[in-house]
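First up is the structure itself, then whatever we jot down about it.
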Amino acid sequence: MESEFWHNCWQQQRIGFHQQDIHPLLPLVFSQLNWQPSGAIFAPLCGKSLDLWWLSQHSKVIGAELSALACQQFYQDQAQSFAVSTQGQFQRFSHPSVDIWQGDYFDLKQEQLGDIGLIYDRAAFIALPLQMRIDYVKQLKHLCPGPVSLLLLSLEYPQEEMSGPPFSVTECAVRQLFDFAASVELLAIRNLTGRPFAQRQFKVSHLIEKAFWICW
């Protein structure tokens, strides 16, 4: 998955992966957690997700996104003003509730994020093929050495029935990739078989979304 692929998606507005409402599992799962804000909330590969505005009720949110167009639309769609500054290889989009670092996630440095108490991943993990997924988790651990919690949403379907993204990642694979974590807890399961995933309908025999709470 080269950067050009994602830039083209945004330039051509082929963004069926964008969910037009707050993710239904987000308020449900948060109500089950005894999480107290201990730092900012980090949302890698965030696109223009409305979830970031919802999360900003709980703490400052810091996103990371490759596409400058996605960052602009994130604020403009909600009629929110923002400032932009160039910092090294990145553009920093600034707002009182949500900041976004626009650039390559793999080039981010820990000092750019500061103290992170929670990571929210709705579709970043499943957007990447296996090797990039491994590198993504390594970078996540480097950026957020802990103590930190991760709310991860994953997707399972027969991979041979569809080519990603999104890719199918089994619960076993999630646990293997986060084997360094102190705990990996399955919080919720949502059966999406025959139902839309964001703005798309997939012709697969089963489609399961799972929410994990991962702490390290």
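The values are calculated or read from the model by the stated rules, or taken from the named source; none is laboratory data. Just so it is clear, the model here is predicted, and its values are computed rather than measured. All Cβ positions, glycine included, derive from the backbone under ideal geometry; neighbour counts span all protein chains shown. Only protein heavy atoms, including side chains, enter the accessible area calculation; ligands, DNA and RNA are left aside. Shrake-Rupley method; radii C 1.70, N 1.55, O 1.52, S 1.80 Å.
Computed over all pairs of different Cα atoms, the Kirkwood value for the hydrodynamic radius of segment 101-144 is 11.2 Å.
Accessible area per residue for the chain is 46 Å², calculated with a 1.4 Å probe on protein heavy atoms, without ligands, DNA or RNA. Using only the C-alpha atoms, the convex hull of the chain corresponds to 117 Å³ per residue. Our helix-only sum for the chain, with -39,500 (n - 2.57) per DSSP H run of n ≥ 4 divided by its residues, gives a mean residue ellipticity at 222 nm of -7000 deg cm²/dmol.
Straight Cα distances below 22 angstrom link Lys141 to the lysines Lys60, Lys109, Lys210, with same-chain residues fewer than 8 positions distant left out. Rounded to the nearest whole angstrom, the semi-axes of the ellipsoid equivalent to segment 58-136, taken from the Cα gyration tensor as √(5λ), stand at 21, 14, 14, largest first. Here the Gaussian network model covers the chain, with springs between Cα atoms less than 10 Å apart; of Ala188, Ala79, Ala68, Ala79 fluctuates the most.
In the chain, the portion of solvent-accessible area held by carbon and sulfur atoms comes to 50 percent [1.4 Å probe, whole percent, DNA, RNA and ligands not counted]. Of Gly103, Gly146, Gly47, which has the largest mean-square fluctuation in a 10 Å C-alpha GNM of the chain? Highest fluctuation among the options: Gly146. Do any chymotrypsin sites (Phe, Trp or Tyr not before Pro) in segment 137-196 lie in a loop, going by DSSP, with at most 16 other beta-carbon atoms within 10 Å of their beta carbon, and if so which? Sites meeting the loop and neighbour criteria: Phe180. Straight-line cross-link reach from Lys48 at under 14 Å between alpha-carbon atoms covers these aspartates and glutamates, not counting any fewer than eight positions away in the same chain: Asp21, Glu65, Asp77, Asp99, Asp121.
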